[in-house]
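The values are calculated or read from the model by the stated rules, or taken from the named source; none is laboratory data. Just so it is clear, the structure is predicted and the values come from calculations on it, not from any experiment. No Cβ is skipped: glycine too gets one built from the backbone with ideal geometry, and neighbour counts run over all protein chains shown. SASA here: full protein model, heavy atoms, side chains in, ligands and nucleic acids out. Shrake-Rupley method; radii C 1.70, N 1.55, O 1.52, S 1.80 Å.
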Amino acid sequence: MPISDETLNRIIAEYGGFELSAEELELVKPELENYLTELQNLRDLDLSDVMSSRLLRAAEGAEADAG
Amino acid sequence: MPDNELLKLTISEIAPMIQAREVSPVDLTEAALAEAERRQPTLNSFITIMREQAMEQAEQAEDELSRGQYRGPLHGIPIGIKDNIATGGIKTTLGTRVLKDHVPDEDAEVVRRSKEAGAIILGKENLEEFAAGATSNNPHYGAVHNPWGLDHVPGGSSGGGGANVAAGVTFASLGTDLGGSVRLPGAFCGVVGLKQTFGRVSQRGLLVTSFNGDHIGPMTRSVRDSALVLQAIAGYDPLDPSTVPVPVDDYALVLERGIQGLTMGIPSNHYFDLLDPEVEASVRRAIAALEELGIASREVSLPSMEYVGALRFSAMADSVVTHEPYIASNREDYGPDTLYRTLAGQFVLGRDYSKAMKVQRIIKEEHARVLQGVDFLVTPTTPMPAPRIDAETIEVDGKRQKVRGPGSGHISRNTSPENATGFPAITVPCGFSELGLPIGLQFIGRPWEEGNLFRIANAYEGVSPSRGVWPDLG
């Protein structure tokens, strides 16, 4: 999911109130690329069953729910 | 005993001498201040040396002793405090120009407890800007230098504390650990670094941090000293909702227990991947030494660690919110590493943050399950010895890794998981690289079982090749 320099600068300006030069944008990108790589890594991971322990315990019955 | 030898003792060695009035807190503090001032041009480990306040505290400590009042093993002991932990009336900069004139009204809870235990605060220690990095190469206050190799980083972000403890300037330093920032300087500087269970120590007064996984912990010259400092600062703080009212063990008693019958887990994935060969060799030798001490070993698997990189999402998002009050008005005061790294966090979506929380959950559950079958995990603390200060990247196991700034994170790959699980972890020195740089061994335990980690680490410390070896600073 590439993000254009224009989009990068617009969103950064919304946050910080300043624009970055093309050179500065290049310095932001490694962190962003790591993020996008990790997102890709999560794509096939099924997280639908992962819930907080409270919800899992509630499903086991009223006694557990009270705990 | 000459001052330079007194300063090389551990807290557990010198405390009885103070109690018996063989060593004066005033003389000891004067010697430590002189050493701090002598080493500052070389190590750059302090942002503020608190000479006047330290001497006042020392005189009070001495006066109390003369009246027969002894507060305990930290009475009269000079320590350092990282400069992102609030000290009332004393500048607390967080290593940034943004807050260069910031003076808190009151002490952080850990500072209050340390003073209550009789410790003398020597000064505020240098760190990575906003404690966000692993090098302590600070763009505003200068780089901290590693006592074992002055051209090398001390680790970060609590690098000033690691350097001071290793060099014999402070007997202990309090650092903060959000991804390894106590354990990394511990490993790179050859000292003991503890990140206790999340909720064991109050974070009240730790400035500009994350809601997710920060810890204030000690760096010391021995495991026993680590236990002494934790004993003083641990415990429920009714004004910090992150603390948990779990009873604190008497660690001195726990340390006397043996280690026979314990089983260590050796992770078969993640923690031993992408390692410098010298680190792996030292850690494997340490594992063999632990087996010789009577600890059984078992290989364990942590498959969810494949997704550990997602834990960065929450740190990125937190950082954006944390810096929001400062960044628009103070952009020019930010160093480039912090600025550009922070800006990237603006792109983290809420749904991805939530996914990261679920990944955090499965990693935590997996660690908890594995730690039901073994008593603790043993891993390298860092994948490599301390990089050079001027290094932008380093090669580890054939792969080039960034050392600092946006896109970095390899240095903390073995420490940051325990910030997400909240489980306790301790690093102890386990030898040296060919260049003479320290290597760290990490033990990870079950929640609230710091005592077990202390007795295991204490047993290993007794046979470690690092024992009794000091950096040659001239």
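Details
- Partner aspartates and glutamates for B:K358 [C-alpha distance under 15 Å; skip if fewer than 8 residues away on the same chain]: A:E38, A:D44, A:D46, A:D49, B:E306, B:E366
- Per-selection metrics, region B:143-253 (Cα): Rg and Dmax in Å: 13.9, 44
- Solvent-accessible ranking of B:R183, B:R112, B:R39, B:R204, largest area first, probe 1.4 Å: B:R112, B:R204, B:R39, B:R183
- Amide H contacts under 5 Å for B:S297: B:M264, restricted to partners 5 or more places along the chain or on a different chain, H placed in the peptide plane at 1.01 Å from N.
- Relative contact order %, chain B, counting alpha carbon pairs below 8 Å whose residues are six or more apart: 16
- Two-decimal Rg to Rh for region B:272-397 - Kirkwood Rh, Cα set: 1.07
- Centre separation in Å (Cα based) which lies between region B:60-97 and region B:283-303: 39
- Convex hull volume per residue for region A:1-47, taking Cα atoms only, in Å³: 83
- Residue-level accessible surface for B:V300, protein heavy atoms, 1.4 Å, Å²: 20
- Based on C-alpha pairs under 8 angstrom that are at least 6 apart in sequence, region B:136-203 has a relative contact order of 26 percent.
- Heavy-atom accessible area order for B:L184, B:L349, B:L311, largest first, 1.4 Å probe: B:L349, B:L311, B:L184
- Between region B:433-455 and region B:133-161, the C-alpha centres lie 21 angstrom from each other.
- Peptide B:344-350 has a mean shielding of 6, counted as Cβ atoms of other protein chains within 10 Å of each residue's Cβ.
- Taking every DSSP bridge with both residues inside chain B, close to 70 percent are antiparallel.
- Accessible surface of chain B, 1.4 Å probe, proportion on carbon and sulfur as whole %: 49
- Scaled radius of gyration (Cα, divided by 2.2 N^0.38 Å) that chain B gives: 0.90
- Relative contact order [Cα under 8 Å, 6+ residues apart], region B:346-474, whole percent: 24
- Placed amide H near B:I120: partners under 5 Å, 5+ positions off or other chain: B:G76, B:I77, B:I79
- Of all aspartates and glutamates in the structure, the ones whose alpha carbon falls short of 15 Å from that of B:K8, not counting any fewer than 8 places away in one chain, are B:D27, B:E30, B:E35, B:D225, B:D472.
- Other protein chain C-beta atoms within 10 Å of residue C-beta, averaged over A:11-18: 5.
- Cα-derived Rg to Rh of the protein assembly as shown, Kirkwood definition: 0.96
- Those lysines that a straight Cα-Cα span of less than 29 Å connects to B:K100, excepting residues fewer than 8 apart in one chain: A:K29, B:K82, B:K91, B:K115, B:K124, B:K195, B:K402
- With the gyration tensor restricted to C-alpha atoms of region B:314-369, the semi-axes of the equivalent ellipsoid amount to 29, 11, 8 Å, longest first.
- Per residue, the accessible area of region B:179-317 comes to 36 Å², computed with a 1.4 Å probe over protein heavy atoms only.
- Number of partner chain Cβ atoms within 10 Å, mean per residue of B:313-322: 1
- For region B:42-176, the per residue solvent-accessible surface stands at 28 Å², with DNA, RNA and ligands left out and a 1.4 Å probe.
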